[in-house]
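The values are calculated or read from the model by the stated rules, or taken from the named source; none is laboratory data. Nothing here was measured: the structure is a model prediction, and the numbers come from that model. Note that each Cβ is placed from the backbone with ideal geometry, even for glycine, and that neighbours are counted across all protein chains shown. Quick note on the areas: whole protein, heavy atoms, side chains included, nothing else; ligands and nucleic acids left out. Shrake-Rupley method; radii C 1.70, N 1.55, O 1.52, S 1.80 Å.
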Amino acid sequence: MSELKEILGREVFVKFLLHNGDVIAYAWHYTEEKALNHLRRIMDYHMLKGTIQSSRSLEKWLAERLNEVLVEGERFSLPEIEYRNKKVYIELIRVPHGKTITYGELSRRAGVRYHEMLIALMRNPLQVLIPCHRLLTRRGTLMGFYPLGKEVKKRLLEMEGVHPGADENE
């Protein structure tokens, strides 16, 4: 079983965007084509340039970083890149391991309109490292976790000791 499947509970394809040898974005999905398409949308949204790659060593790097964030509770340091609506990501990284906030609270903290915040989340260049899984509805239930779905989001939260009410109609 791959390290990523062990963490996510599902096999995924990952495409990485590298700039000067550093990972500045990645996208995962259940097919290679969808992972690549999602990465291109992330690149367009943030106006990122670089080399698209995939390799076992990059997947291993990602699994190690995910373990640091999900298990060890470390806060990820954003690359020195000017991401669009970066304040959304900065505020999300400030949410402590094992804690959650609402989407509305994130919008308020970041000073970004709710709709713009949702778009920024869908174009999260470093999913889980920028812990979008720590967001719940105001009722404390799960909302989408693009592109992997609510079950993966629930699994990630449970790894951090959070057990949200999972109303599947949210």
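Only lysines eight or more places from Lys87 in sequence, or on another chain, were considered; those with a Cα closer than 21 Å are Lys49, Lys99. Distance distribution note for the stretch 82-170: the fraction of Cα pairs above 23 angstrom is 13%. Accessible surface calculations at 1.4 Å, restricted to protein heavy atoms, place the chain at 50 Å² per residue. Result for the chain in a Gaussian network model with C-alpha springs under 10 Å: among Leu92, Leu39, Leu148, the largest mean-square fluctuation is at Leu148.
Of all aspartates and glutamates in the structure, those lying under 12 Å Cα to Cα from Lys86, and not within fewer than 8 positions of it along the same chain, are Glu116. Here Lys60 is the anchor, and the lysines within straight C-alpha reach of less than 21 Å, apart from those fewer than 8 places off in the same chain, are Lys5, Lys15, Lys34, Lys153. Among Gly50, Gly21, Gly140, determine the one that fluctuates most according to a GNM of the chain built with springs between C-alpha atoms less than 10 Å apart. Result for the chain, Cα springs under 10 Å: Gly21 fluctuates most. Kindly report, to the nearest 10 Å², the accessible surface of Phe13 as traced by a 1.4 Å probe over protein heavy atoms only. Accessible area of Phe13: about 90 Å². Rolling a 1.4 Å probe over the protein heavy atoms of the stretch 10-161, with every protein chain left in place, gives an accessible area that is 48 percent carbon and sulfur. Dipole magnitude for the stretch 1-56: computed about the Cα centre from +1 point charges on Lys and Arg Cβ and -1 point charges on Asp and Glu Cβ, it is near 140 debye.
Residues Trp28, Trp61, sorted by accessible area with the largest first, give Trp61, Trp28 [1.4 Å probe; ligands and nucleic acids excluded]. Kirkwood analysis of the chain, using all unique Cα-Cα pairs, places the hydrodynamic radius at 16.1 Å.
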